[in-house]
Amino acid sequence: MSAAVQAETQEPEVLSRIEGRAGVITLNRPRALNSLNLEMIREMMRALKEWESDPQVDFVLVESGSDRAFCAGGDIRSVYLARLEGKRDYKDAIFREEYQLNYYISRYPKPYVSLINGICMGGGMGISIHGRYRVVTDKTVMAMPETGIGFFPDVGGSYFLNRCPGQMGMFMAITGEKITAGDAMYAGLATHYVPSSKIDALRSALIAIQDTAELENVLNRHKEAAPPSDLSAVQPLIDDIFDGKTVDEILEKLYAAKHPKAYDWLRSLAKKSPMSMTIAFTLLKKTKEMSLKKCLPIEYRLSQRFVEHYDFFEGIRALLVDKDNEPKWQPQHVSQVKTAEVREYFKNLGTRELILGS
C-alpha cells in the first residue's frame, strides 16, 4: 500500500462523535500512548466548542481507545523536531493552544467526564484534572514527570498541585513520582474509583443517560471504595521534607531523614534536572493562592523560556531520542543554579503573553 493510501485510510488521532446525549472524545494514538500533538489539541477544542451550544449534547465524555494509556503527556518530541527543523512558531502554538484548551475545559458549561484508565501524565492531566469528573481505575498511573526531561510541571500543574494535601503537590512537582488511583483519590485529583473490569459497564450506563440530572447518580452507582493510598501513610514525612525553603534544603532534609522512602526519593532526584527542580519549586511557591487563569500565563512564560534552553532538549535527547538515559544537565547541581537566571524564566513576554478569555 502506498504512503498516500495509508494516510487516507489511517484513523484520526482524536475521534469525536455524539453517542446518546454525550459528546464523546476518544484519544486514538495508541503507539504514542495518546501523547497530545497540536492537531489533537485543535480537534479537541473544535469538538468542545461545537458541543457547547449543541442541544443534542448534555455532557462530554473523554476516553482512550486503549486501556494502556489515557494520555501519557504532550508530544514533546514534536517540539524537539520542530526546533531542529527551524519551525519557531510551533513552540508558541502547541503550548499556547494546549493551555487555552486546559482553561476552556475548566470553564466548560457542561459536565466533563474523564475515564482515566491507564497512564495519565503531564498533558493527560491537563485534559482531565480541570474537568468536573475524573474516574480512575486499578490501571491508573498518574504523574507530573517533567523535571526528569528538563521541563517543569505545566498544563495548570501549578494550580492543581497546590491544592493537594500538605506538601504532596510540591513532592509530585519536584520528584515526578508516579501515583496510584488510591493516591489520586486521596490527593483530590480524582473524583470516582471504578475497577477497570467495570469501566465498560460505566461507559454504557453513561451513554444511556437521558437526563443530565442522572449523571452523578450513574457515577455514584458504579463507584467503589478506592484502594488505600500509599502516599497518605508517608504524608507527615512528605510535609516535613518538602516544606523546605529551597530545593537545597529539601535535599538536606532527605539526607537527614534516614527513612527508606527518603532514600528512594533522593536517588530519584539525583537524575532530575537541577534547573527544572528549582523552577518547579519556585513556580509552586509563587502561585500558591492563584487561580488557574493567573497560573497558566506564568506557565506559558516558562514554556517559552525552557524550549530555548539546553536542559529541555538534552532531556528529550537522552530519554526519547537517543534513549541513553544519561542526560548531561547544565548546571549539574541545584547549588549551581543562579537566582538571576531563574528570575529570567519568569519575566513577562510582552506582546507574546498568553491571554485567556473569561
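The values are calculated or read from the model by the stated rules, or taken from the named source; none is laboratory data. Treat the numbers as computed from the prediction; the structure is a model and nothing was measured. Here the Cβ is made from the backbone with ideal geometry for all residues, glycine too, and neighbour counts use every protein chain on show.
Sort out which residues of the stretch 5-19 are surrounded by fewer than 17 Cβ atoms within 10 Å (Cβ to Cβ) and either at pLDDT 95 or above or not in a helix (DSSP H, G or I) (or both), and write them in order of number. Spell out the reasoning first.
Going residue by residue through the stretch 5-19, those that are surrounded by fewer than 17 Cβ atoms within 10 Å (Cβ to Cβ) are 5-12, 15, 17-19.
Those that are surrounded by fewer than 17 Cβ atoms within 10 Å (Cβ to Cβ) and either at pLDDT 95 or above or not in a helix (DSSP H, G or I) (or both): Gln10, Glu11, Pro12, Leu15, Arg17, Ile18, Glu19.
Looking at Arg163, is it farther than 30 Å from Arg317 by Cα, touching a Leu at 6+ places or on another chain (Cβ under 8 Å) and basic (Lys, Arg)? Break it down stepwise before answering.
Working: farther than 30 Å from Arg317 by Cα: yes; touching a Leu at 6+ places or on another chain (Cβ under 8 Å): no; basic (Lys, Arg): yes.
No; evaluated as a whole, the condition is false for this residue.
For Ile94, state whether it is without any contact (Cβ under 8 Å) to a residue 60 or more places away in the chain, touching a helix residue (DSSP H, G or I) at 6+ places or on another chain (Cβ under 7 Å) and either surrounded by 23 or more Cβ atoms within 10 Å (Cβ to Cβ) or assigned to a strand (DSSP E or B) (or both). Steps first, answer last, please.
Working: without any contact (Cβ under 8 Å) to a residue 60 or more places away in the chain: yes; touching a helix residue (DSSP H, G or I) at 6+ places or on another chain (Cβ under 7 Å): yes; either surrounded by 23 or more Cβ atoms within 10 Å (Cβ to Cβ) or assigned to a strand (DSSP E or B) (or both): yes.
Yes, satisfied.
Return the only residue of Lys285, Lys293 being touching a helix residue (DSSP H, G or I) at 6+ places or on another chain (Cβ under 9 Å), part of a helix (DSSP H, G or I), among the charged types (D, E, K, R) and free of Cβ contacts under 8 Å to residues at least 12 places away in the same chain. Break it down into steps so the answer makes sense when it comes.
Values: Lys293 fails: free of Cβ contacts under 8 Å to residues at least 12 places away in the same chain.
From the options Lys285, Lys293, the qualifying one is Lys285.
Quick grid of which residues meet (1) more than 18 Å from Pro145 (Cβ to Cβ); (2) outside any loop (DSSP other than H, G, I, E, B):
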position	(1), (2)
Leu319	no, yes
Pro327	no, no
Pro331	yes, no
Glu341	yes, yes
Glu344	yes, yes
Asn348	yes, no
Thr351	yes, yes
Gly357	yes, no
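Here's a check for you: in the stretch 135-150, which residue that is in a loop (DSSP other than H, G, I, E, B) and touching a strand residue (DSSP E or B) at 6+ places or on another chain (Cβ under 9 Å) is nearest to Ala270 (Cα to Cα)? It would help to see each step written out before you state the result.
At the first step, the residues of the stretch 135-150 found to be in a loop (DSSP other than H, G, I, E, B) are 137-140, 144-145, 150.
Within this subset, residues satisfying the condition of being touching a strand residue (DSSP E or B) at 6+ places or on another chain (Cβ under 9 Å) are 137-140, 144-145.
Working: Thr137: 31, Asp138: 29, Lys139: 28, Thr140: 26, Met144: 17, Pro145: 14 Å.
Restricting to residues being in a loop (DSSP other than H, G, I, E, B) and touching a strand residue (DSSP E or B) at 6+ places or on another chain (Cβ under 9 Å), the top hit is Pro145.
Got a sec? Which of Ser66, Ser2 is over 23 Å from Ile149 (Cα atoms), crowded, with 18+ Cβ neighbours inside 10 Å, modelled with pLDDT under 95 and not β-branched (Val, Ile, Thr)?
Going through Ser66, Ser2 in turn, the sole match is Ser66.
Out of the stretch 309-325, which residues are in contact with a helix residue (DSSP H, G or I) (Cβ under 7 Å, 6 or more places away or on another chain) and surrounded by fewer than 11 Cβ atoms within 10 Å (Cβ to Cβ)?
Asp324, Asn325
Name, by its number, the condition in (1) surrounded by fewer than 20 Cβ atoms within 10 Å (Cβ to Cβ); (2) among the hydrophobic types (A, V, I, L, M, F, W, C); (3) part of a strand (DSSP E or B) that does not hold for Ala82.
It fails just one condition, (3).
Between Arg29, Arg46, which is charged (D, E, K, R) and surrounded by fewer than 20 Cβ atoms within 10 Å (Cβ to Cβ)? It would help to see each step written out before you state the result.
Values: Arg29 fails: surrounded by fewer than 20 Cβ atoms within 10 Å (Cβ to Cβ).
Selected residue: Arg46, the only one of Arg29, Arg46 that is charged (D, E, K, R) and surrounded by fewer than 20 Cβ atoms within 10 Å (Cβ to Cβ).
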